[in-house]
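Below: the structure, in structure tokens.
The values are calculated or read from the model by the stated rules, or taken from the named source; none is laboratory data. These numbers were taken from a predicted model, which means no experiment stands behind them. Because the Cβ atoms are built from the backbone with ideal geometry, glycine has one as well, and the counts that use them run over all protein chains shown.
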Amino acid sequence: MVAHDGFPTDEEIAAIGPPLFTWDELMDICDGGNLGLLRRQPALQKRYDEWTKNTKARYGKIETFLLERRLCWDPPALLPSARSFSPSTPSTHYRVVRNDWPYSVPASVVHFVVWCAVPLIGPGDSGEEVERKGMWGFTGGAERRAAIGEEGDRKGFGGESGEGITAFVKREWPEDEWETCWFMNPPKLQSVRGLVHFHVFGRPKAEKAQTNGTHA
């Protein structure tokens, strides 16, 4: 990945040091609803904080930068919608990109962000628990533990809204090519609260699943 707008390159991220989490640790953190444990390498977090400060000074807020420079998103696409996000959401209402400031994941894992112009949480799934814990789900076999024990398979969380996101992830990251874990951070953990989004950790099952900076 070529750096632009101050983003780190893949080479710079790799040079920081070994990842803080294994694949199974990432899955278990999400499955336990402990999304606050996910983090960047300290050196990358420091750089991200400085980038955030400089970007806000230039653009006023991060959301403006994302829409104008990173996503090149036409503002009319940001019209409110009564429906929550699902596979039927028009492609004009979401953008899928690699996270320019990824959490500390193994080199085999790609950290994507799905930016949305429709709500992720439907009216029937809103509530204190979702606000406190967020939502998450698994596809492509990521729900199966390396060592099956009494706990059984990992389970997603998010009701019908979570099921809709899982269906979207299965379509965009086919299960014969990818293992994934997706998650929506609760508001208290979101660094960009003004633009709806969720994260996807994707691990290719074969070399035919290529990543080149943008996934569509």
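The table that follows gives values for the structure above.
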quantity	calculated
Glu207 vs. criteria farther than 16 Å from Val113 by Cα and at pLDDT 90 or above	no
Condition met for Ala57 (among the hydrophobic types (A, V, I, L, M, F, W, C) and modelled with pLDDT under 95)	no
Single condition Val118 does not satisfy, out of (1) out of contact with any Lys or Arg (no Cβ under 7 Å at 6 or more places or on another chain); (2) surrounded by 15 or more Cβ atoms within 10 Å (Cβ to Cβ); (3) more than 29 Å from Ile13 (Cα to Cα)	(1)
Cβ-Cβ under 8 Å pairs, at least 6 apart or on other chains, region 166-195 side among the polar types (S, T, N, Q), far side buried (at least 23 other Cβ atoms within 10 Å of the Cβ) and in a helix (DSSP H, G or I)	Thr180/Val169
Residue that is surrounded by the fewest Cβ atoms within 10 Å (Cβ to Cβ) [pool: residues in region 21-33 that are touching a residue at least 24 places away in the same chain (Cβ under 8 Å) and outside any helix (DSSP H, G or I)]	Thr22
Of all residues in region 34-60 being surrounded by 14 or more Cβ atoms within 10 Å (Cβ to Cβ) and outside any helix (DSSP H, G or I), the one that is farthest from the chain's Cα centre (by Cα)	Gln41
Single match in Gly141, Gly137 (criterion: among the small types (Gly, Ala, Ser), under 24 Å from Pro90 (Cβ atoms) and at pLDDT 90 or above)	Gly137
Filter result (over 23 Å from Phe21 (Cα atoms) and at pLDDT 90 or above) within region 72-113	Pro87, Tyr94, Arg95, Val96
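Rundown of residues vs (1) of a type outside the set (A, V, I, L, M); (2) outside any helix (DSSP H, G or I); (3) surrounded by 12 or more Cβ atoms within 10 Å (Cβ to Cβ), yes/no style:
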| residue | (1), (2), (3) |
| --- | --- |
| Glu11 | yes, no, no |
| Ala14 | no, no, yes |
| Pro19 | yes, yes, yes |
| Thr64 | yes, no, yes |
